[in-house]
1. Here's a check for you: in segment 28-62, which residue that is more than 9 Å from Lys15 (Cα to Cα) and in contact (Cβ under 8 Å) with a residue 40 or more places away in the chain is nearest to the chain's Cα centre (by Cα)?
2. How many residues does segment 70-85 contain that are surrounded by 12 or more Cβ atoms within 10 Å (Cβ to Cβ) and of a type outside the set (A, V, I, L, M, F, W, C)?
3. Within segment 36-74, how many residues are part of a strand (DSSP E or B) and touching a helix residue (DSSP H, G or I) at 6+ places or on another chain (Cβ under 7 Å)?
Amino acid sequence: MIADGVILNLIRVGKISTLNKTQGTLRALFDDKDNLISDELPIMANVDLNTLNIGDQVVCIFLPNGIESGFCIGKFYSEINPPGGSA
C-alpha cells in the first residue's frame, strides 16, 4: 500500500554527511536505504549547531512528498552518543 510506504519514510534516523553551520543545514546519510543521502535539510532552530558533527546520528522528519522536503530535528542519546559523552 502506498500510504504505508509514505508513513515509513516520514521519520528517519540518519548520520550527518555534510554540515553547513552558516546556512543551518545538513545532509543526512541513511544506512538502511543503501546509503541514500538526503537533500539539504534545514536544522530546527532550537538545536545548538555547535553540538553537531559529521557522523552524528540525527532524527529527520520528512513531508509526505519525498525525501527532498524535510527537517533535522536534532541528535539523540544512544550507545553511540551517551549522556555525558563517554561511550
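1. Cys60
2. Total meeting the criteria: 4.
3. Here is the first cut: in segment 36-74, the ones part of a strand (DSSP E or B) are 36-37, 41-43, 57-62, 70-74.
From what is left, the residues that are touching a helix residue (DSSP H, G or I) at 6+ places or on another chain (Cβ under 7 Å) are 43.
Counting residues in segment 36-74 that are part of a strand (DSSP E or B) and touching a helix residue (DSSP H, G or I) at 6+ places or on another chain (Cβ under 7 Å) gives 1.
Coordinate-derived values only; no laboratory data. Only a predicted model underlies this, so the values are computations on that prediction, with no experimental measurement involved. Don't worry about glycine lacking a Cβ; one is built from the backbone with ideal geometry, like all the others, and counts go over all protein chains shown.
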